[in-house]
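Structure record follows, encoded as structure tokens.
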Amino acid sequence: MRVVTKAEQEEASAYAMKGFAIGALKWAAVGLCLSGLMQVYVPWYRATRLPNKFYIVMAFGLGGGAHSSDRYLVQYERRGRKEQLAQTRRERWEALYAKPTDENKIASNTEAAVSQ
């Protein structure tokens, strides 16, 4: 799906930021748990200074956020494309198989007149 209007662009960016926040929280939690385990079991990690440990956890959070943001944006684009295809399919179905209304009768009469 192409983001064409400013409103669609804002909606897509908001959805991507939602994905970033969710991914950052998930992976920061993973980084904290991993940091805690390494603090207990890995001797060289205990000797590492606190700012470096913070950087490692922050890298987990930012990496997870970027990955999740990209996935959310791809899902948004796929959902928009799916909606466009469904709308096109509905319009095509209505044009071919829907019960005739006054507009359809007029259109079919003009098509029949043109084809003769």
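The values are calculated or read from the model by the stated rules, or taken from the named source; none is laboratory data. Everything quoted here is computed from the prediction, not taken from an experiment. Every residue, glycine as well, gets a Cβ built from its backbone with ideal geometry; the counts of neighbours run over all protein chains shown.
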Open item on the list: For the condition at pLDDT 95 or above, hydrophobic (A, V, I, L, M, F, W, C) and touching a helix residue (DSSP H, G or I) at 6+ places or on another chain (Cβ under 9 Å), what is the one hit in A95, A59?
Closed with: A59
Open item on the list: Within segment 75-95, does at least one residue satisfy the condition of being aromatic (F, W, Y), in contact (Cβ under 8 Å) with a residue 60 or more places away in the chain and surrounded by 15 or more Cβ atoms within 10 Å (Cβ to Cβ)?
Closed with: yes
- [ ] Look at E77 and say whether it is out of contact with any Pro (no Cβ under 7 Å at 6 or more places or on another chain), within 22 Å of Q9 (Cβ to Cβ), at pLDDT 85 or above and not aliphatic (A, V, I, L, M).
- [x] yes
Task: Which listed residue is within 30 Å of A86 (Cβ to Cβ) and in a helix (DSSP H, G or I), from A12, A29, A24 - done: A12
Open item on the list: Can you confirm whether V40 is surrounded by 12 or more Cβ atoms within 10 Å (Cβ to Cβ) and assigned to a helix (DSSP H, G or I)?
Closed with: no
Open item on the list: Cβ-Cβ distance below 7 Å, separation of 6 or more or different chains: which pairs start in segment 31-43 with a residue that is within 16 Å of Y55 (Cβ to Cβ) and end on one that is among the hydroxyl-bearing types (S, T, Y) and modelled with pLDDT under 95?
Closed with: M38/Y45; Q39/Y45
TODO: Would you tally the residues in segment 14-37 being within 13 Å of G61 (Cβ to Cβ), within 13 Å of the chain's Cα centre (by Cα) and buried (at least 19 other Cβ atoms within 10 Å of the Cβ)?
DONE: 2
